[in-house]
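Note sheet for the following structure.
The values are calculated or read from the model by the stated rules, or taken from the named source; none is laboratory data. These figures come from a predicted structure and were not determined experimentally. Heads up, the Cβs are rebuilt from the backbone with ideal geometry, glycines too, and the neighbour counts pull from every protein chain shown. Just so you know, the surface numbers come from the protein's heavy atoms only, side chains and all, with ligands and any DNA or RNA stripped out. Shrake-Rupley method; radii C 1.70, N 1.55, O 1.52, S 1.80 Å.
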Amino acid sequence: MPKNGDNLSALGFGCMRLPMIDGVIDEERAIAQIRQAIDDGVNYIDTAWPYHAGESEPLLGKALRGGYRDKVKVATKLPTWLIKSREDMDTYLNAQLEKLGTDHIDYYLIHALSGPSWKTIEGLGGKAFLNKAVKDGRIVNPGFSFHGLAEDFQPIVDAYPWVFCQIQ
């Protein structure tokens with residue numbers, strides 16, 4: 001990562017589609033897969049609030065116990081469609097920290113941005129939220145995932161000193 005010097009693995013591990021049994025995450029298998037990936041050199045693990053109906057982050061938190069948290073960079077995402085106020089941003093981030101069993105998120109994305117959703121988040125104080133969370137150490141690297149139209153991308157990129165982005 002040129003902006004911060006992190007040496008991330010060429011492949012990351014995404015926790016959007018974990019193994020399932022009878023409609024729920026197969027916890028034993030999912031944890032084994034995550035840990036095996038880490039043992040084999042993967043050091044970027046990606047999850048988000050809505051993945052597996054809210055169960056991906058807690059599962060990842062369990063998988064990272066026993067020293068695994070120190071071996072990886074964790075990415076998760078602010079669910080923009082649920083945000084109605086500036087306070088909601090802190091509420092969701094703090095809940096995610098608890099679910100993941102950590103005091104910081106290495107790569108925190110404003111999730112599923114498009115032109116209109118960025119205008120909403122920006123209008124609710126999104127930049128102030130990111131600045132505060134970076135300053136107090138809850139977020140290390142602020143970023144966004146982009147799900148919008150090509151013409152909306154550059155204005156979002158230029159609106160904040162992002163460290164990274166993921167493009168759908």
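Listed values, structure above:
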item	result
Failed condition for PRO161, given (1) over 20 Å from GLN96 (Cβ atoms); (2) open to solvent by 60 Å² or more (accessible area, probe 1.4 Å); (3) at pLDDT below 95	(3)
Search result, residues across segment 133-168 that are assigned to a loop (DSSP other than H, G, I, E, B) and closer than 13 Å to ILE110 by Cβ	HIS147, GLY148, TYR160, TRP162, VAL163
TRP118 assigned to a loop (DSSP other than H, G, I, E, B) and in contact with a strand residue (DSSP E or B) (Cβ under 8 Å, 6 or more places away or on another chain)	no
Selected residue [open to solvent by 50 Å² or more (accessible area, probe 1.4 Å), among the aliphatic types (A, V, I, L, M) and either modelled with pLDDT under 95 or not in a helix (DSSP H, G or I) (or both)] from LEU11, LEU18	LEU11
Residue in segment 99-115 that is more than 12 Å from the chain's Cα centre (by Cα), free of Cβ contacts under 8 Å to residues at least 12 places away in the same chain and open to solvent by 10 Å² or more (accessible area, probe 1.4 Å) present	no
Some residue of segment 135-147 being modelled with pLDDT under 95 and surrounded by 14 or more Cβ atoms within 10 Å (Cβ to Cβ)	yes
Segment 121-168, subset among the small types (Gly, Ala, Ser) and out of contact with any strand residue (DSSP E or B) (no Cβ under 7 Å at 6 or more places or on another chain), residue farthest from TRP81 (Cα to Cα)	GLY137
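Listed here are the residues, each with its yes/no results for (1) buried (at least 20 other Cβ atoms within 10 Å of the Cβ); (2) in contact (Cβ under 8 Å) with a residue 12 or more places away in the chain; (3) not basic (Lys, Arg).
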position: GLN36; (1), (2), (3): no, no, yes
position: ASN43; (1), (2), (3): no, yes, yes
position: ALA48; (1), (2), (3): yes, yes, yes
position: LEU60; (1), (2), (3): yes, yes, yes
position: ALA75; (1), (2), (3): yes, yes, yes
